[in-house]
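Visitor: Take a look at this one; I'll ask things after.
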């Protein structure tokens, strides 16, 4: 008999993954809240301050749930103005509070479960169905999963998967570009400290401009692959192009006669 590796769990759309992640956070919060009712298993008294400690842990879990709610709302296409209105704050305040969570979510691959878990978001959704249904006899057995795009529109899953896979590739390239840009900037600072020739510094600046132009192109591509985050990608792309333009202008000041592009 030949052993075969288990199939890699399928990723759902980022919207579905965000919904499942939100559902998992809600279940964790619920479980933690119900655990507050229990006394120590051995029947002894709780240590002094134990109830306060556990209640504060519940609040931390709630903060996590709220952050994931912001991520899920953004994946649904909600604007920062709409999210701010729901939270009773301004658009700017909402963006300052939850944009870092959205960025972290994207950097982690926009998936509800780590790949190391070996389970899919759709399997997690099934578990959430059971969790919800067991709370009352009249609750439907598919209350959670039936809202997912993968269940409602199964025919669109292949196209969504292809788009997602391309987005993952582009993000990997962006991460490599960011590291290369950082090294190039460090090299430029070192060249300035060492008194390098203007022509050499100009060439390095032109090379940095090329990296930033590619960064802009990749973010423009992501705007099409991730339409819910298109506004953010367009802003980052514009910023990268501005920096590239400034790099070239500075290079021209350092060495006006340099017309070739650095490798």
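Visitor: Out of all the residues in segment 55-67, is one or more within 14 Å of the chain's Cα centre (by Cα) and either surrounded by fewer than 15 Cβ atoms within 10 Å (Cβ to Cβ) or more than 18 Å from residue 34 (Cα to Cα) (or both)?
Guide: So far as segment 55-67 goes, yes, one or more of its residues are within 14 Å of the chain's Cα centre (by Cα) and either surrounded by fewer than 15 Cβ atoms within 10 Å (Cβ to Cβ) or more than 18 Å from residue 34 (Cα to Cα) (or both).
Visitor: Would you say residue 202 is surrounded by fewer than 19 Cβ atoms within 10 Å (Cβ to Cβ), over 30 Å from residue 82 (Cβ atoms) and more than 35 Å from the chain's Cα centre (by Cα)?
Guide: no
Visitor: List the pairs whose first member sits in segment 43-54 and is under 16 Å from residue 33 (Cβ atoms), whose second member is modelled with pLDDT under 85, and whose Cβ atoms are under 9 Å apart, counting only residues at least 6 apart or on separate chains?
Guide: Short answer, once both residue conditions are applied: 50/40; 51/36; 53/47; 54/35; 54/36; 54/46.
Visitor: Moving on to the next point. For residue 129, all conditions in the list (1) closer than 18 Å to residue 71 by Cβ; (2) modelled with pLDDT of 90 or more hold save one; what is the number of the exception?
Guide: (1)
Visitor: Let me ask something else about it. Just to be sure before I move on: is residue 91 surrounded by 13 or more Cβ atoms within 10 Å (Cβ to Cβ) and outside the structural domain of residue 222 (by TED's automatic domain parsing) in the structure I sent?
Guide: It is true that residue 91 is surrounded by 13 or more Cβ atoms within 10 Å (Cβ to Cβ) and outside the structural domain of residue 222 (by TED's automatic domain parsing).
Visitor: Just one of 78, 124, 67, 85 is modelled with pLDDT of 90 or more, within 17 Å of residue 14 (Cβ to Cβ) and out of contact with any helix residue (DSSP H, G or I) (no Cβ under 7 Å at 6 or more places or on another chain); which is it?
Guide: The conditions single out 78.
Visitor: I'd like to check which helices (runs of 4 or more DSSP H) are fully inside segment 124-241 and have at least 1 residues that are touching a strand residue (DSSP E or B) at 6+ places or on another chain (Cβ under 8 Å), more than 30 Å from residue 256 (Cα to Cα) and outside the structural domain of residue 109 (by TED's automatic domain parsing).
Guide: Hits in segment 124-241: none.
Visitor: Inspect all residues belonging to segment 77-97 and state whether any of them is in a helix (DSSP H, G or I) and closer than 18 Å to residue 23 by Cβ.
Guide: No, segment 77-97 contains no residue that is in a helix (DSSP H, G or I) and closer than 18 Å to residue 23 by Cβ.
Visitor: Free of Cβ contacts under 8 Å to residues at least 60 places away in the same chain and closer than 21 Å to residue 235 by Cβ, is that true of residue 126?
Guide: no
Visitor: Something else now. Say we look at segment 100-123 and pick out the residues that are in contact (Cβ under 8 Å) with a residue 24 or more places away in the chain and over 18 Å from residue 25 (Cα atoms); which of these is farthest from the chain's Cα centre (by Cα)?
Guide: Per the stated criteria, the residue is 118.
The values are calculated or read from the model by the stated rules, or taken from the named source; none is laboratory data. None of the values given here were measured: they were computed from a predicted structure. Cβ sites come from the backbone with ideal geometry, for glycine too, and all protein chains shown count toward neighbours.
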